[in-house]
Amino acid sequence: NTIQVNLTPMLPLKLIQEDRELVIRRLQVKNFDARVIIDQITALDQSRRQLQHQTDEKLAEMNALSRQIGDHIKAGNNAEALRLKDATASLKEQIKELQKKSAEAESALDARIIELPNLPHESVPPGKGHEDNVVVRSGGKMPVRQPGWLPHWDLGKHYDILDFDLGNKLTGAGFPVFKGQGARLERALINFFLDEGEKAGYLEILPPIMVNEDSGFGTGQLPDKEGQMYVVPVDRFYLIPTAEVPVTNIYRDTILNDSDFPLKNMAYTPCFRREAGSYGKEVRGLNRVHQFDKVEIVQIAHPDHSYQALEEMVNHVESLVHKLELPYRIVKLCGGDMSFTSALTYDFEVYAAAQDKWLEVSSVSNFEAFQANRLKLRFREAGNKKNRLAHTLNGSALALPRIVAALMENNQTPDGILIPEALKPYTGFEKIVRR
RNA sequence: GGAGAGAUGGCCGAGUGGUCUAAGGCGCACGCCUGGAGAGCGUGUAAUCGCCAAAAGUGAUUCGCGGGUUCGAAUCCCGCUCUCUCCGCCA
């Protein structure tokens, strides 16, 4: 079950050739020591080039010979043709040998290159983990916690809108069942997020929720996150961990025009994550589940404007939590907390009062050309002969479970759970009550 | 699930072993023509990697994907994927 790489991802190689020290320095911010691997890459690239050069020359020789043989046969000069044929035998063997070595050198090089994470943006702060992230701004009104307030898992039971035991029976731990007003609340949030996205210019997509291996590789889940995805072995399909995968892969192997920018897509999908290695208090209730609903926004941007696009996406997500009247903060992730694929990531956290916890509800990232390189997503630019790689971005807008958790916990009253104003047209009710 | 047909450039489409360095058409770009537009005429029209300091140039690869036969494969052989038609099953 090794990952097939169809084409050499060339971007990191170019960067390494241009400025090796820069690559090393930047990856240090992600706490990734790249020295050894970069030396290996440089050496492997050398031998790959050399081998290709040799192979190409032999191939050119063979092509010339074949043409001559054809010409001789046509001219009726069979003796000469036969003589030349003899000469091809050893050449053929040399070519075979060289091609084998070339292919080996190339896959060895590819294997190393795809181990390199994306370079973080210059502004990314160094740091080890969550505690080193930087709060860039916050908003919303902090709820005043009342005595006797219950965490959302208890509220879910009390109002019979959220049933973990039933999910456990049907599937297993981490597959919650929403019932009645709970199910309706999910549907309301999905429609609310999609409507807001449409107003912001995003085109709605309803993609497959299983993808093939090429798609998993294109957005960088494979091979990095192989163990985190559910797999359908008979057909070698992966259940998507996020709509980012199918939506961004729409643009795999395409060449856009620069007039196509910015491309703005969004999709609602269920998302599936194995979350292997998670345990304890952090995973209680809706805090961490294996299947959840999410609306994802994706942008394909011109490299010169991708950080503008990132800003715009952050503002869009902020408007959503604002309309839901949730207390939130936006943090810029430090190098150690960033994903393999990202160049810059902002996380959104909302405050869940009963747990007294900040819960991550959105992650908005610019991947620069990292995904585009794997996707072969390029664009033509007027006046530029060479096609350039586009930039890809995505963000949750929003992931539902923790939003639901915060809404339930913060809006609980003795009479029921109050629905925020903006959501009422979508739920069709003003509060969640006991049936 | 069974039987048959097919997959060629941005698109349509020709091509059954060397003249494929892929015909022809459409589209697109530029030029000529025009008061302007159209028509007409002419020219051009892919990607990836290598060599070269670079441009120019040049070598290699790519006709769904992977193997094979051959001095030589879009073309012949084997496997796979996908599409279409018919039959069966089915929300």
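When region A:258-293 is examined, which residues are found to be within 15 Å of A:Gln228 (Cβ to Cβ) and of a type in the set (Lys, Arg)?
Answer for region A:258-293, where residues must be within 15 Å of A:Gln228 (Cβ to Cβ) and of a type in the set (Lys, Arg): A:Arg273, A:Arg274, A:Arg288.
Do you know which residues across region A:71-102 are near RNA strand B (Cβ under 9 Å from one of its atoms), touching a Leu at 6+ places or on another chain (Cβ under 9 Å) and among the hydrophobic types (A, V, I, L, M, F, W, C)?
If the condition is that a residue be near RNA strand B (Cβ under 9 Å from one of its atoms), touching a Leu at 6+ places or on another chain (Cβ under 9 Å) and among the hydrophobic types (A, V, I, L, M, F, W, C), then A:Leu84, A:Ala87, A:Leu91, A:Ile95 are the ones that fit.
Of everything in region A:24-52, what is without any contact (Cβ under 8 Å) to a residue 60 or more places away in the chain, among the β-branched types (Val, Ile, Thr) and within 16 Å of RNA strand B (Cβ to nearest atom)? Give them in sequence order.
Residue satisfying the conditions is A:Thr42 alone.
Could you give every pair whose Cβ atoms fall below 8 Å, whose first residue belongs to region A:53-70 and is more than 6 Å from RNA strand B (Cβ to nearest atom), and whose second residue is in a helix (DSSP H, G or I) and acidic (Asp, Glu), counting only separations of at least 6 or pairs across chains?
Listed by first residue and then by second, the contacts come to nothing, as the list is empty.
Could you look through region A:110-134, keep only residues that are of a type in the set (Val, Ile, Thr) and touching a Pro at 6+ places or on another chain (Cβ under 8 Å), and pick out the one that is nearest to A:Phe217 (Cα to Cα)?
Step one: filter region A:110-134 for residues of a type in the set (Val, Ile, Thr), giving A:113-114, A:124, A:134.
Narrowing the set further to residues that are touching a Pro at 6+ places or on another chain (Cβ under 8 Å) leaves A:113-114, A:134.
Details: A:Ile113: 13, A:Ile114: 10, A:Val134: 30 Å.
If we take residues in region A:110-134 being of a type in the set (Val, Ile, Thr) and touching a Pro at 6+ places or on another chain (Cβ under 8 Å), then A:Ile114 is nearest to A:Phe217 (Cα to Cα).
Look at A:Ser123 and say whether it is within 14 Å of RNA strand B (Cβ to nearest atom) and hydroxyl-bearing (Ser, Thr, Tyr). Break it down stepwise before answering.
Working: within 14 Å of RNA strand B (Cβ to nearest atom): no; hydroxyl-bearing (Ser, Thr, Tyr): yes.
So A:Ser123 fails the test.
Could you tell me which numbered condition A:Leu407 fails, if it satisfies all but one of (1) within 16 Å of RNA strand B (Cβ to nearest atom); (2) touching a strand residue (DSSP E or B) at 6+ places or on another chain (Cβ under 8 Å)?
(1)
Which of (1) out of contact with any strand residue (DSSP E or B) (no Cβ under 8 Å at 6 or more places or on another chain); (2) among the hydrophobic types (A, V, I, L, M, F, W, C); (3) without any contact (Cβ under 8 Å) to a residue 24 or more places away in the chain does A:Leu423 not meet, given it meets every other one?
It fails just one condition, (3).
In region A:396-415, which residues are assigned to a loop (DSSP other than H, G, I, E, B) and either buried (at least 24 other Cβ atoms within 10 Å of the Cβ) or hydrophobic (A, V, I, L, M, F, W, C) (or both)?
If the condition is that a residue be assigned to a loop (DSSP other than H, G, I, E, B) and either buried (at least 24 other Cβ atoms within 10 Å of the Cβ) or hydrophobic (A, V, I, L, M, F, W, C) (or both), then no residue fits.
Going through A:Phe348, A:Phe370 one at a time, which residue ends up being within 16 Å of RNA strand B (Cβ to nearest atom) and crowded, with 24+ Cβ neighbours inside 10 Å?
A:Phe370 is the lone residue from the list that is within 16 Å of RNA strand B (Cβ to nearest atom) and crowded, with 24+ Cβ neighbours inside 10 Å.
Among the candidates A:Ala397, A:Ala422, A:Ala405, which residue alone is in contact with a helix residue (DSSP H, G or I) (Cβ under 7 Å, 6 or more places away or on another chain), small (Gly, Ala, Ser) and at pLDDT below 95?
Matching residue, one of A:Ala397, A:Ala422, A:Ala405: A:Ala397.
Tally up the residues in region A:354-367 that are assigned to a loop (DSSP other than H, G, I, E, B) and crowded, with 21+ Cβ neighbours inside 10 Å, please.
Total meeting the criteria: 2.
Which of the residues belonging to region A:242-259 are within 14 Å of RNA strand B (Cβ to nearest atom) and either of a type in the set (A, V, I, L, M) or in contact (Cβ under 8 Å) with a residue 60 or more places away in the chain (or both)?
Across region A:242-259, the qualifying residues are A:Arg252, A:Asp253, A:Thr254, A:Ile255, A:Leu256, A:Asn257, A:Asp258.
Which of the residues spanning region A:212-247 are closer than 26 Å to A:His316 by Cα and either surrounded by fewer than 19 Cβ atoms within 10 Å (Cβ to Cβ) or polar (S, T, N, Q) (or both)?
A:Thr219, A:Gln221, A:Thr242
Between a first residue in region A:133-153 that is hydrophobic (A, V, I, L, M, F, W, C) and a second residue that is not in a strand (DSSP E or B), which pairs have beta carbons less than 6 Å apart while being 6 or more apart in sequence or on different chains?
Listed pairs, sorted by first residue: A:Val134/A:Pro125; A:Met142/A:Pro327; A:Trp149/A:Ala354; A:Leu150/A:Ala354; A:Trp153/A:Gly285.
Need the failing condition index for A:Trp149 against (1) within 27 Å of A:Tyr426 (Cβ to Cβ); (2) outside any helix (DSSP H, G or I); (3) within 32 Å of the chain's Cα centre (by Cα), just the number.
All conditions are met except number (3).
The values are calculated or read from the model by the stated rules, or taken from the named source; none is laboratory data. Computed from a prediction, not measured in an experiment: that's the story for all the values here. Using ideal geometry, Cβ is built from the backbone for each residue, glycine included, and neighbour counts are taken over all protein chains shown.
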